[in-house]
Amino acid sequence: MNFNRFETAARRMWHEIPAEAREGVDGLTIEPEAARHPDFHWVYTMGECLTEAWPSGAGGDGDVRSELVLYHGSFRALAEEDPDFDWEGELWETILHELLHHRESAAGESGLDEVDWANEQNLRRLAGKPFDPDFCRAVPSGPDGVVKLESELFVESVIPERADEAVFEWRGRRYAVEAPVYANRAFVEVPNLAGGRLCVIIRRRSPWWRFGRGRNYRPAEVSLPAYPLPGEDG
């Protein structure tokens with residue numbers, strides 16, 4: 001989709017959104033270039049919500065105003081890598097995502113910002129860079145206890161200090177993975193469940209006197225198969 005068609009489609013979609021949902025957004029800007037992530041060259045920013053808070057003359061909370069920006073070059077770069085790239089679907093998703101950022105800012109909420117931060121930390125993990133090992137706790141889990149970030153799935157298992165396996169539930173069934181004995185915290189990629197997209201985050205219960213790990217501490221990261229456990233009734 002060339003730039004002109006992209007801009008026409010984006011503005012059509014924007015005006016299909018009810019005016020009350022767009023309240024506080026002063027405009028939609030379409031940029032021709034791609035916006036690469038500063039640390040991960042394979043990650044592209046599709047859009048941004050640029051928000052400013054204007055103080056109220058009456059001393060209240062003021063007014064939150066935003067501008068939505070879309071990067072045609074980022075869409076084009078991803079489309080060149082994927083012959084099945086859904087231009088319209090991705091465009092809709094990006095516009096609605098950035099609009100939700102505005103609405104959360106206007107309401108003083110931060111849910112999407114926390115999800116974006118968690119995704120950033122997971123990217124840092126995958127790239128071998130320092131990351132916050134608690135990033136999944138910033139995102140609410142589903143009813144099944146699973147946290148979803150992009151296409152990856154995370155489930156947490158808290159185990160006794162000397163346990164040699166970590167038990168977790170997946171789709172109503174109990175499984176376990178071997179717990180690395182040398183690590184108090186571990187990210188275990190499970191290749192035989194969920195198409196290899198499931199990661200078990202293992203946390204060992206530690207005594208209260210354990211010393212801190214320092215800024216350069218990094219959890220263990222391994223790939224281990226899960227094995228099913230017998231049901232609770234035997």
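The values are calculated or read from the model by the stated rules, or taken from the named source; none is laboratory data. Everything quoted here is computed from the prediction, not taken from an experiment. Cβ atoms come from the backbone with ideal geometry, glycine included; neighbour counts cover every protein chain shown.
If we scan the range 140-147, do we find a residue that is in a strand (DSSP E or B) and surrounded by fewer than 18 Cβ atoms within 10 Å (Cβ to Cβ)?
Within the range 140-147, none of the residues are in a strand (DSSP E or B) and surrounded by fewer than 18 Cβ atoms within 10 Å (Cβ to Cβ).
Within the range 117-132, how many residues turn out to be surrounded by fewer than 18 Cβ atoms within 10 Å (Cβ to Cβ) and in a loop (DSSP other than H, G, I, E, B)?
Total meeting the criteria: 5.
I'd like the full set of residues that are surrounded by 16 or more Cβ atoms within 10 Å (Cβ to Cβ) and outside any helix (DSSP H, G or I), limited to the range 61-87.
V64, R65, S66, E67, L68, V69, L70, Y71 - these are the residues of the range 61-87 that are surrounded by 16 or more Cβ atoms within 10 Å (Cβ to Cβ) and outside any helix (DSSP H, G or I).
In the range 88-111, is there at least one residue being touching an Asp or Glu at 6+ places or on another chain (Cβ under 9 Å), among the charged types (D, E, K, R), touching a residue at least 40 places away in the same chain (Cβ under 8 Å) and surrounded by fewer than 18 Cβ atoms within 10 Å (Cβ to Cβ)?
No, every residue in the range 88-111 fails to be touching an Asp or Glu at 6+ places or on another chain (Cβ under 9 Å), among the charged types (D, E, K, R), touching a residue at least 40 places away in the same chain (Cβ under 8 Å) and surrounded by fewer than 18 Cβ atoms within 10 Å (Cβ to Cβ).
Taking the range 169-189, which residues are in contact with a Phe, Trp or Tyr (Cβ under 8 Å, 6 or more places away or on another chain) and either free of Cβ contacts under 8 Å to residues at least 40 places away in the same chain or closer than 17 Å to F135 by Cβ (or both)?
E169
For residues in the range 161-184 being closer than 16 Å to R218 by Cα and out of contact with any strand residue (DSSP E or B) (no Cβ under 6 Å at 6 or more places or on another chain), which is modelled with the lowest pLDDT?
Filtering first and then ranking leaves Y182.
Within the range 149-180, how many residues turn out to be surrounded by 15 or more Cβ atoms within 10 Å (Cβ to Cβ) and more than 19 Å from L224 (Cα to Cα)?
The qualifying residues number 1.
Checking the structure you have, find out if any residue of the range 155-166 is under 24 Å from the mean Cα position of the chain (by Cα), small (G, A, S) and on the phi < 0 side of the Ramachandran plot.
The initial filter retains those residues of the range 155-166 that are under 24 Å from the mean Cα position of the chain (by Cα), namely 155-158.
Filter again for small (G, A, S), leaving 157.
Narrowing the set further to residues that are on the phi < 0 side of the Ramachandran plot leaves 157.
Looking for residues that are under 24 Å from the mean Cα position of the chain (by Cα), small (G, A, S) and on the phi < 0 side of the Ramachandran plot, one finds at least one in the range 155-166, hence yes.
Kindly check whether there is at least one residue in the range 25-39 that is surrounded by 14 or more Cβ atoms within 10 Å (Cβ to Cβ), modelled with pLDDT of 90 or more and touching a Pro at 6+ places or on another chain (Cβ under 7 Å).
no
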